[in-house]
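First comes the structure, then the notes that go with it.
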Amino acid sequence: MPKTKTDRGAAARFKVTGSGRLRRRQQNRRHILEKKSPARKRRLAGEVEVSSGDAKKVRRMLGI
């Protein structure tokens, strides 16, 4: 059976930590930032862990 190819869109959006957990950026931080409050922008700044319901699908897309 051939190797599965990595989904390049998923590879750009997700990263695997050293302990094997999946991280992603939060949405709503790309553009139209003027109307968003500073507190909201700070809250959206960091990365968060991928939810357990989506982790299996993301791992399959990444070929892990």
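The values are calculated or read from the model by the stated rules, or taken from the named source; none is laboratory data. Treat the numbers as computed from the prediction; the structure is a model and nothing was measured. Note: ideal-geometry Cβ built from the backbone for every residue, glycine included; neighbour counts use all protein chains shown. Protein only, heavy atoms only, side chains kept; ligands, DNA and RNA dropped before computing areas. Shrake-Rupley method; radii C 1.70, N 1.55, O 1.52, S 1.80 Å.
Checking the structure you have, find out if any residue of region 1-18 is surrounded by 12 or more Cβ atoms within 10 Å (Cβ to Cβ) and of a type in the set (Ser, Thr, Tyr). Yes, region 1-18 has at least one match.
Every residue in region 46-64 that is assigned to a helix (DSSP H, G or I) and either aliphatic (A, V, I, L, M) or in contact with an Asp or Glu (Cβ under 7 Å, 6 or more places away or on another chain) (or both), please. Across region 46-64, the qualifying residues are ALA55, VAL58, MET61, LEU62.
Within region 16-39, residues that are farther than 18 Å from SER52 by Cβ and in contact (Cβ under 8 Å) with a residue 12 or more places away in the chain reach partners that are among the basic types (Lys, Arg) and open to solvent by less than 70 Å² (accessible area, probe 1.4 Å) with beta carbons closer than 8 Å, at six or more positions or on different chains, in the pairs ASN28/LYS36; ARG29/LYS41. The set of residues in region 46-55 that are open to solvent by 50 Å² or more (accessible area, probe 1.4 Å) and either within 13 Å of the chain's Cα centre (by Cα) or closer than 18 Å to ALA12 by Cβ (or both) comprises GLU47, GLU49, SER51, SER52, ASP54.
Of the residues screened, ALA39 is not one that is small (Gly, Ala, Ser), open to solvent by less than 90 Å² (accessible area, probe 1.4 Å) and in contact with a helix residue (DSSP H, G or I) (Cβ under 7 Å, 6 or more places away or on another chain). Taking region 19-31 as the range and being part of a loop (DSSP other than H, G, I, E, B) and open to solvent by 100 Å² or more (accessible area, probe 1.4 Å) as the test, the residues that pass are ARG21, GLN27, ARG30, HIS31. Inside region 3-18, residues that are over 11 Å from the mean Cα position of the chain (by Cα) and not in a loop (DSSP other than H, G, I, E, B) make up a count of 1.
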